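One structure is given here, and the rest of the page talks about it.
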Amino acid sequence: MTLSRPSRFQNSAPLIGLTLDHEPGGGGKFSRYPFHALRENYLTALSEAGGLPVCLGYTADAEAMVARLDALVITGGAFDVDPALYDEDPHPLTSPRPARTSAELALLRAALKRDIPILGICGGMQLIAVNAGGTLIQHLPPELEHEQPNPRHEPGHAVSIVPDTRLAEIVGMPTMMVNSSHHQAVRSSGEARISALAPDGVIEAIELDGPKFAIGVQWHPEFTLDPGDRRLYAALVEAAAR
């Protein structure tokens, strides 16, 4: 286990909620009963940036939970946003988890209503796009290798940061090296603005112009492979502390 550094915000560290995956349980798993799950580095990346991470379940009222938060992180996982939300039939390889998406959508909308900072990661970015009126590519051609063959703690490809975006201001670089672990992608971003692209044109980041901080990235910045990843978390925590 990695011990986090003391928060530079000390006792006033902003409280940042993270969404959870849900597993049915069973023999040979963590529990034979249903359980929530989240990779450790989601929490340590926020702690190291000065935030106070807290995990959010599915059953409590979303507006009541968001009322106590200073920021929201919508995490990724081995699931897909239900294509019914953007009026498409499911692809044979699409794997929705309706309970998770319903809970995350309620949290996202409550966070947008309160205008607290939001960071969407992988599936979280895709949910932000769909909520903004966008659509998804339900299955990318495998030869594009957005499910990278090497481990996720290593870079998969570069992304180009779109100039004059909030993301460009935060990371301060025209390109980043990122990992890649997704078989779906944003096809159209709706009212969201595109802020990063892969070399093959796949949308890698989006942001909303209205809220004070609402960014989605297709990669997993919790692995902190690029200096821009730490800058993204630091910007989220700074925005949450205001």
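The values are calculated or read from the model by the stated rules, or taken from the named source; none is laboratory data. The model shown is predicted, which means the values in this text are computed figures rather than measured ones. Every residue, glycine as well, gets a Cβ built from its backbone with ideal geometry; the counts of neighbours run over all protein chains shown. What goes into the accessible areas is simple: the full protein's heavy atoms, side chains included, and nothing from ligands, DNA or RNA. Shrake-Rupley method; radii C 1.70, N 1.55, O 1.52, S 1.80 Å.
Computed with a 1.4 Å probe on the full set of protein chains, the accessible area for Arg187 sits at about 140 Å². A compact globular protein would have a Cα radius of gyration near 2.2 N^0.38 Å; the ratio found for region 112-242 is 0.98.
Residues considered: His22, His183, His91. Largest GNM mean-square fluctuation over the chain, using C-alpha springs under 10 Å, is found at His91.
Shape class for region 1-117, computed from the alpha carbon gyration tensor (a ≥ b ≥ c): oblate, with a/c not under 1.5 and a/b at or below b/c.
Computed from phi, the 3J(HN,Hα) profile of region 13-18 under the Karplus parametrisation 6.51, -1.76, 1.60 (θ = phi - 60°) reads 4, x, 7, 10, x, 10 Hz, with x in place of Gly and Pro.
In this structure the amide hydrogen of Cys122, modeled in the peptide plane, comes within under 5 Å of the amide hydrogens of Val217, Gln218, Trp219, none closer than 5 places in sequence on its chain. Say we join alpha carbon atoms closer than 10 Å with springs in a Gaussian network model of the chain; which of Leu20, Leu38, Leu127 then has the biggest fluctuation? Per the Cα network of the chain with a 10 Å cutoff, Leu38 tops the list. Less than 5 angstrom separates the built amide H of Arg39 from none of the residues sequence-distant by 5 or more or on a different chain. Rounded to whole numbers, the Karplus 3J(HN,Hα) couplings from phi for region 68-74 are 9, 9, 9, 6, 10, 10, 9 Hz, using 6.51 cos²θ - 1.76 cosθ + 1.60 with θ = phi - 60°, and x at Gly and Pro.
The order of Glu104, Glu147, Glu88 by accessible area, most exposed first and with a 1.4 Å probe, is Glu147, Glu88, Glu104.
Note on exposure: Met177, Met65, Met125 ranked by accessible area (1.4 Å probe, complete protein assembly) read Met177, Met65, Met125, with the most exposed listed first. Shape index of region 171-242: Rg/Rh, with Rg the Cα radius of gyration and Rh the Kirkwood radius from the inverse mean 1/r over Cα pairs, equals 0.95. The amide H of Val73, built 1.01 Å from its N in the peptide plane, has Gly17, Leu18, Thr19, Leu119 as neighbours under 5 Å, considering only residues 5 or more places off or on other chains. Local charge for Phe79 was computed over the other residues whose Cβ lies under 15 Å away, with Lys and Arg +1 and Asp and Glu -1, and equals -3. Rounded to the nearest 500, the 222 nm mean residue ellipticity of the chain from helices alone is -7500 deg cm²/dmol, with -39,500 (n - 2.57) taken per DSSP H run of at least 4 residues. For the chain, the pair-distance distribution built from all alpha carbon pairs, in bins 5 Å wide starting at 0, is 1, 7, 14, 19, 21, 19, 12, 6, 2, 0, 0 percent.
With all protein chains in place and ligands, DNA and RNA left out, the 1.4 Å accessible area ranks Asp70, Asp229 as Asp70, Asp229, largest first.
If you run the Gaussian network model on the chain, springs between alpha carbon atoms under 10 Å, then out of Ile194, Ile16, Ile137 the most flexible one is Ile137.
Over region 18-86, the hull volume per residue, using the convex hull of the C-alpha atoms, is 130 Å³. Where both bridge residues fall in the chain, DSSP classifies roughly 55% of the beta bridges as antiparallel.
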